[in-house]
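Take a look at the structure below.
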Amino acid sequence: MKDTLKILIVDDDRVDRLALRRSLQKAGIRMELSEAGDARDAIALLQNTHFDCIFLDYLLPDRDGLGLIKELYSIGVKVPTIVLTGQGDEQIAVEMMKAGASDYLSKTRVSPETLAQTLRNAIRVDRAQKAAELANQQLKESNALLQHQNQELEKQRQQIQLQNLQLQEAYRLKSQFLATMSHELRTPLNAIMGFSQILLRQYPDPLTPQQTEIVQRIINNSQNLLILLNEVLDFSKLESGQLTLNPEEFNLAILVQITVEELRSLAMQKQLSLQVDLDLKNPLVVNDQNSLRRILINLLSNAIKFTDSGSIWVKVWELNPDRVAIAVRDTGIGIASEYLEAIFEAFRQVDGSLARQHGGSGLGLAITNSLVKMMQGTIAVESQVGKGSAFQVEFPRQVET
């Protein structure tokens, strides 16, 4: 062994101690040797000094070796111990090994070779055991740390789950509030519009031109407010998943023509040209007719709203036998490139100030985008400031249900 070992010999026989010392020296073991003649001296030395190995005689004046080993273990002293026995004491040595001794050696067989081999084995086993104990301790500490981390993660998971539940409840209440308020506001609005229309029919008395203009303004503003309420209600339904696809076969060309004609009067009021280009070999599609109509209305309304002069074009064509496209192009104010992604977000407008020129809830394109996705389609936009915008919607001829 290359290390200098601290060895303790515990034996009341001075001659045996001397013989053991000489054998260890002949074996070439580098050591610092200490001696004790009884159990009391041995305990005193072991409590104050660390030893690498103990050679212990079984029979001591004040205690037998088995009792000493047990006491050393009880006070936390664990040192590789080689028991020295007399002839015929093998059974006693086995009992001592069960109590914690590393090995035993008969005094009649003590030689430099056997001492060196027994000593190396005892120290090697002890170091392996200590390494295993250290590894086990580190493993326990790691397991305890992991358990603590798992507990913390579980707490965080529960907190996140609780927050999700709270968010879902808040989301549900918001949707319920929007739906309720939209319904409650639409009822008096419809009444206002109804009474205003009665007045326009000159009932019960004819109106002056000024009165007619005022009543018409009441109707126009009521209609605008009703559109805003419907957008909020539709968006709330989309968010909560209450709107679902209702696929049916219909004539796309007829739908586009009817929808465009419904909005033509708005374009005429601003003296805008509104043109339709239909290029369909097969005009029949199987998709959600109401959703597609709403998409077209939103895109056309925006085109008319943001175009002060020029033209608006609606083009419908087949990308391939299974996919159809609709494009709405205008010569309006256009959209800056940095806003092209944000325009599809709810309540987002290019000009979001209170003094903006063009009104609206900022939900039209968000609703359009959601409807397009629900129809398993895509929407894209190209625009230049001052030159106009072009929105293109692509969707399957037959939606998958």
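The values are calculated or read from the model by the stated rules, or taken from the named source; none is laboratory data. Source: prediction; values computed, not measured. Surface areas here come from the heavy atoms of the whole protein model, side chains and all, with no ligands, DNA or RNA. Shrake-Rupley method; radii C 1.70, N 1.55, O 1.52, S 1.80 Å.
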Please list the equivalent ellipsoid semi-axes of region 255-300, computed as the square roots of five times the alpha-carbon gyration tensor eigenvalues, in descending order and whole angstrom. 22, 13, 7
Over all directions, region 92-204 yields a Cα convex hull whose mean projected area in nm² is 13.1
Roughly how much of His148 is accessible, in Å² to the nearest 10, using a 1.4 Å probe? 100
For the chain, what does the helix formula give at 222 nm: sum of -39500 (n - 2.57) over DSSP H segments with n ≥ 4, over the residue count, nearest 500 deg cm²/dmol? -18500 deg cm²/dmol
Suppose the Debye formula is applied to equal point scatterers at every Cα of region 144-205; what is log10 I(q)/I(0) at q = 0.14, 0.20, 0.26, 0.27 Å⁻¹? -0.66, -0.83, -0.97, -0.99
Above 15 angstrom, tally the Cα pairs of region 44-85 and express them as a % of all pairs, no decimals. 38
Helix 289-305 versus the longest principal axis of the chain: what angle, 0 to 90°, nearest 10, using Cα atoms? 70
Distance between region 71-142 and region 281-314 - C-alpha centres, whole angstrom: 92
Heavy-atom accessible area with a 1.4 angstrom probe orders Val393, Val286, most exposed first, as Val286, Val393
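Normalising by the residue count of the chain, find the relative contact order in percent from Cα pairs under 8 Å and 6+ residues apart. Provide the component values of the computation, followed by the final result.
Values: 553 pairs, mean separation 39.5, N = 401.
Dividing the mean separation by the residue count of the chain yields 10 percent.
Once you have the Kirkwood Rh of the chain from its Cα pairs, apply Stokes-Einstein at 10 °C and 1.306 mPa s and quote D in µm²/s.
Details: Rh = 30.2 Å.
D = 53 µm²/s.
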Selected from Val110, Val316, Val328 as most flexible by GNM, with the chain as the system and alpha-carbon contacts under 10 Å: Val110
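Rounded, prolate or oblate: which fits region 93-140, taking a ≥ b ≥ c as square roots of the Cα gyration tensor eigenvalues, rounded meaning a/c under 1.5, else prolate when a/b beats b/c? Before the final figure, lay out the partial values.
Working: a/c = 7.48, a/b = 1.97, b/c = 3.79.
Judged from the Cα gyration tensor, region 93-140 comes out oblate (a/c at least 1.5, b/c at or above a/b).
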Please report the spacing between the Cα centers of region 373-401 and region 163-180 in Å, no decimals. 30
So how compact is region 160-303: Cα radius of gyration and Dmax in angstrom? 20.3, 65
At a probe radius of 1.4 Å, what is the per-residue accessible area of Ile92, in Å² to the nearest 10? 50
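Which value, in Å to one decimal place, does the Kirkwood hydrodynamic radius take for region 1-155 when every pair of different Cα atoms is included?
Values: mean 1/r = 0.0596 Å⁻¹.
Hydrodynamic radius (Kirkwood, Cα pairs) of region 1-155 is 16.8 Å.
Residues of the chain: accessible area per residue at 1.4 Å, in Å²? Don't jump to the answer; show the numbers that get you there.
Values: 23660 Å² over 401 residues.
Per residue, the chain has an accessible area of 59 Å².
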Could you work out what % of the accessible surface of the chain is carbon and sulfur, using a 1.4 angstrom probe and leaving DNA, RNA and ligands out of the count? 51
